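Notes follow the structure.
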């Protein structure tokens with residue numbers, strides 16, 4: 001499916017994969033047949049399946065022919081193949097260690113507004129360290145291309161009374177909590193006047209270290225509202241700190 005989508009789009013598919021975020025369902029993935037083998041965690045299972053996926057889109061044999069039906073014995077690759085797709089796969093990483101693992105597999109790094117670890121430093125500094133370790137691991141692998149790194153930020157510019165009603169005048173600081181028993185750090189929300197947000201993002205170490213910034217938006221408020229938010233970001237925040245908007249966004 002990924003290869004077909006990439007071919008249809010003329011080689012423009014950017015595909016993010018991840019083990020997924022913690023969920024409220026107890027072993028929810030098992031309801032869909034995804035059961036980790038004994039001794040393997042859900043995270044281990046996700047990484048193992050990702051390795052199979054990467055091998056498949058790189059043309060490796062993932063199955064064997066049936067000699068009784070074909071008269072031959074050999075390996076079978078998936079069809080279709082889309083050359084270059086492997087360079088546009090992103091791993092959604094929540095820790096420094098999994099970022100390094102993504103580098104060893106040749107995947108781009110996608111780091112969101114949550115890290116399932118905490119060292120006591122602000123979120124942007126911890127995420128910047130994650131990026132540094134990822135790029136170091138990438139260099140050690142000797143890959144023949146430059147990796148891409150994206151970070152996500154919750155940015156809510158206040159330009160109208162309705163914005164202030166929804167979000168107030170101040171953004172939130174980092175938050176710390178337990179996810180699946182692990183001390184985790186959630187990145188802050190940037191809310192306020194556009195020039196204030198621009199100054200704060202300019203001081204955000206991870207934002208400055210990344211190649212791409214994805215903005216999460218309050219999608220429950222509808223298309224028109226979020227289009228205005230993104231337009232404000234593109235027109236007033238991005239130019240103030242030297243960004244060239246890529247024209248893409250993600251919805252939270």
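The values are calculated or read from the model by the stated rules, or taken from the named source; none is laboratory data. Nothing here was measured: the structure is a model prediction, and the numbers come from that model. We place every Cβ from the backbone using ideal geometry, glycine too, and count neighbours over all the protein chains shown.
Matching residues to (1) in contact with a strand residue (DSSP E or B) (Cβ under 6 Å, 6 or more places away or on another chain); (2) under 22 Å from residue 128 (Cα atoms); (3) modelled with pLDDT under 95:
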{"position": "212", "(1), (2), (3)": "yes, yes, yes"}
{"position": "217", "(1), (2), (3)": "no, no, yes"}
{"position": "234", "(1), (2), (3)": "no, no, yes"}
{"position": "238", "(1), (2), (3)": "no, yes, yes"}
{"position": "241", "(1), (2), (3)": "no, yes, yes"}
Q) Which pairs do you get when a residue that is free of Cβ contacts under 8 Å to residues at least 60 places away in the same chain, found in the range 101-116, comes within reach of a residue that is assigned to a loop (DSSP other than H, G, I, E, B) and surrounded by fewer than 19 Cβ atoms within 10 Å (Cβ to Cβ), reach meaning Cβ atoms under 8 angstrom, with the pair 6+ apart or on two chains? A) 106/143; 108/148; 109/148
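Can you confirm whether residue 30 is more than 21 Å from residue 91 (Cα to Cα), at pLDDT below 90 and either surrounded by 12 or more Cβ atoms within 10 Å (Cβ to Cβ) or assigned by TED's automatic domain parsing to the domain that holds residue 151 (or both)?
Values: more than 21 Å from residue 91 (Cα to Cα): yes; at pLDDT below 90: yes; either surrounded by 12 or more Cβ atoms within 10 Å (Cβ to Cβ) or assigned by TED's automatic domain parsing to the domain that holds residue 151 (or both): yes.
Yes: the conditions hold for residue 30.
Could you list all residues from the range 92-129 that are in a loop (DSSP other than H, G, I, E, B), at negative phi and either at pLDDT 95 or above or surrounded by fewer than 22 Cβ atoms within 10 Å (Cβ to Cβ) (or both)?
Taking the range 92-129 and keeping what is in a loop (DSSP other than H, G, I, E, B), we get 94-95, 105-107, 112-113, 116-122.
Those still in the list that are at negative phi too: 94-95, 105, 107, 112-113, 116-119, 121-122.
Matches in the range 92-129: 95, 105, 107, 113, 116, 117, 118, 119, 121, 122.
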Q | Selection count where residues are in contact with a helix residue (DSSP H, G or I) (Cβ under 8 Å, 6 or more places away or on another chain) and under 30 Å from residue 184 (Cβ atoms), scope the range 72-93 | A | 4
Q. Residue 180: more than 25 Å from residue 242 (Cα to Cα) and within 22 Å of the chain's Cα centre (by Cα), yes or no?
A. yes
**Q.** Cβ-Cβ under 6 Å pairs, at least 6 apart or on other chains, the range 224-252 side within 16 Å of residue 156 (Cα to Cα), far side modelled with pLDDT under 75 and outside any helix (DSSP H, G or I)
**A.** 230/249; 234/245; 238/245
Q) Restricting the search to the range 1-42, which residues are touching a residue at least 24 places away in the same chain (Cβ under 8 Å), touching a helix residue (DSSP H, G or I) at 6+ places or on another chain (Cβ under 8 Å) and part of a helix (DSSP H, G or I)? A) 2, 3, 6
Q.
Quick check on my filter: what residues within the range 158-204 are buried (at least 19 other Cβ atoms within 10 Å of the Cβ) and in contact with a helix residue (DSSP H, G or I) (Cβ under 6 Å, 6 or more places away or on another chain)?
A. 158, 185, 187, 190, 191, 197, 198, 201, 204
Q. Quick check: anything in the range 60-67 under 16 Å from the mean Cα position of the chain (by Cα) and in a helix (DSSP H, G or I)?
A. no
Q | So residue 87, is it modelled with pLDDT under 95, surrounded by 13 or more Cβ atoms within 10 Å (Cβ to Cβ), not in a loop (DSSP other than H, G, I, E, B) and not assigned by TED's automatic domain parsing to the domain that holds residue 119 | A | no
